[in-house]
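Enquirer: What follows is a single structure, and I will ask about it in a moment.
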Amino acid sequence: MNLSEFGYCEYFEQKKNEQNLSEFESARVIIENKERYVVVSKSGELECQVTGKLRFTASSKIDFPAVGDWVAITEIAEGQAIINEIIERKSFIARKAVNSDDLQIIASNIDTAFITTSVDNDFILNRIDRYLAITHTGNIQPAVLLTKIDLITDNQLVEIIEKLKIRHKNIPIYVLSTIENDKFDQFTSILKMEKPIVF
């Protein structure tokens with residue numbers, strides 16, 4: 001597999017070398033389930049666990065691999081590997097862990113996060129503000145995606161967009177309707193850029 005298709009770039013290669021991990025293979029975490037992981041590497045998909053050292057030195061949940069992390073692995077059997085270390089993260093989305101003040105990484109090494117909301121009765125400007133704060137904290141480029149625009153008038157849509165622009169200058173805003181799908185081309189062109197995106 002070509003790891004560049006999964007977002008591997010010069011940044012992670014440089015960080016890997018700085019962390020003295022060049023002897024290990026690189027892989028990206030695609031599934032995380034209670035300290036058991038599935039990664040994608042040049043060999044394909046592998047099931048993984050972390051080393052005892054990584055588990056012992058972790059001081060909080062943020063020190064464990066998360067979906068999107070690039071990690072240094074050692075293959076130990078067909079379809080199986082050990083995660084030795086997390087390659088330094090470029091960006092992340094995190095929230096407070098349940099019943100704890102620890103941060104929990106939801107996804108990492110993301111270029112763009114689309115904050116998606118319908119423009120009907122579910123539209124709440126303050127909620128968008130909270131999500132934008134999360135993206136800024138994690139060093140992720142945010143964008144706003146407004147859906148179901150066929151449920152409101154053109155004037156109402158203009159008013160919503162203006163409110164967003166007043167609060168958040170320079171943030172891209174996209175609008176979509178599955179009924180009036182003339183806006184899809186502008187939006188789907190971004191999805192073809194082969195950069196890690198979350199919604």
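The values are calculated or read from the model by the stated rules, or taken from the named source; none is laboratory data. In this text the structure is predicted, and so the values were computed from the model without any measurement. Don't worry about glycine lacking a Cβ; one is built from the backbone with ideal geometry, like all the others, and counts go over all protein chains shown.
Enquirer: Being farther than 26 Å from Val144 by Cα, free of Cβ contacts under 8 Å to residues at least 40 places away in the same chain and outside the structural domain of Ala133 (by TED's automatic domain parsing) is true for just one of Leu46, Leu21. Which residue is that? Steps first, answer last, please.
Expert: Numbers: Leu21 fails: free of Cβ contacts under 8 Å to residues at least 40 places away in the same chain.
One residue alone meets the criteria, Leu46.
Enquirer: In this structure, is Tyr8 of a type in the set (Phe, Trp, Tyr), touching a residue at least 12 places away in the same chain (Cβ under 8 Å), under 19 Å from Val198 (Cα atoms) and not in a helix (DSSP H, G or I)?
Expert: Considered against the rule, which asks whether it is of a type in the set (Phe, Trp, Tyr), touching a residue at least 12 places away in the same chain (Cβ under 8 Å), under 19 Å from Val198 (Cα atoms) and not in a helix (DSSP H, G or I), Tyr8 comes out as yes.
Enquirer: Another one. So Ala97 clears everything in (1) in contact with a helix residue (DSSP H, G or I) (Cβ under 9 Å, 6 or more places away or on another chain); (2) modelled with pLDDT of 90 or more; (3) at negative phi except one condition, right? Which one?
Expert: (2)
Enquirer: Among the residues of the stretch 143-171, how many are surrounded by 13 or more Cβ atoms within 10 Å (Cβ to Cβ), in a loop (DSSP other than H, G, I, E, B) and either more than 22 Å from the chain's Cα centre (by Cα) or modelled with pLDDT of 90 or more (or both)?
Expert: Count: 3.
Enquirer: State which residue pairs qualify: first residue more than 19 Å from Phe12 (Cα to Cα) and inside the stretch 103-125, second residue among the aromatic types (Phe, Trp, Tyr) in any location, beta carbons under 7 Å apart, and separation of 6 or more residues or different chains.
Expert: Qualifying pairs under 7 Å: Phe114/Phe199; Ile115/Tyr131; Thr116/Phe199; Thr117/Phe123.
Enquirer: Give just the number: which of (1) surrounded by 14 or more Cβ atoms within 10 Å (Cβ to Cβ); (2) touching a strand residue (DSSP E or B) at 6+ places or on another chain (Cβ under 8 Å); (3) not polar (S, T, N, Q) does Tyr11 not satisfy?
Expert: (2)
Enquirer: Oh, and also: Suppose we filter Lys16, Lys53 for residues that are assigned to a helix (DSSP H, G or I) and free of Cβ contacts under 8 Å to residues at least 40 places away in the same chain; which single one remains?
Expert: Lys53
Enquirer: Please state which one of Ala72, Ala94, Ala81 is more than 21 Å from the chain's Cα centre (by Cα), in contact (Cβ under 8 Å) with a residue 12 or more places away in the chain, surrounded by 15 or more Cβ atoms within 10 Å (Cβ to Cβ) and part of a strand (DSSP E or B). Write out each step before concluding.
Expert: On the way: Ala72 fails: more than 21 Å from the chain's Cα centre (by Cα); Ala94 fails: more than 21 Å from the chain's Cα centre (by Cα).
The conditions single out Ala81.
Enquirer: For Leu132, state whether it is outside the structural domain of Gly44 (by TED's automatic domain parsing) and surrounded by fewer than 18 Cβ atoms within 10 Å (Cβ to Cβ). Even if it seems obvious, please write down each step before you answer.
Expert: Working: outside the structural domain of Gly44 (by TED's automatic domain parsing): yes; surrounded by fewer than 18 Cβ atoms within 10 Å (Cβ to Cβ): no.
No: the conditions fail for Leu132.
Enquirer: Please specify each residue of the stretch 97-122 satisfying the condition of being under 30 Å from Asn155 (Cα atoms) and either in a loop (DSSP other than H, G, I, E, B) or β-branched (Val, Ile, Thr) (or both).
Expert: Once the filter is applied, which keeps residues that are under 30 Å from Asn155 (Cα atoms) and either in a loop (DSSP other than H, G, I, E, B) or β-branched (Val, Ile, Thr) (or both), the stretch 97-122 yields Thr112, Ile115, Thr116, Thr117, Val119, Asp120, Asn121, Asp122.
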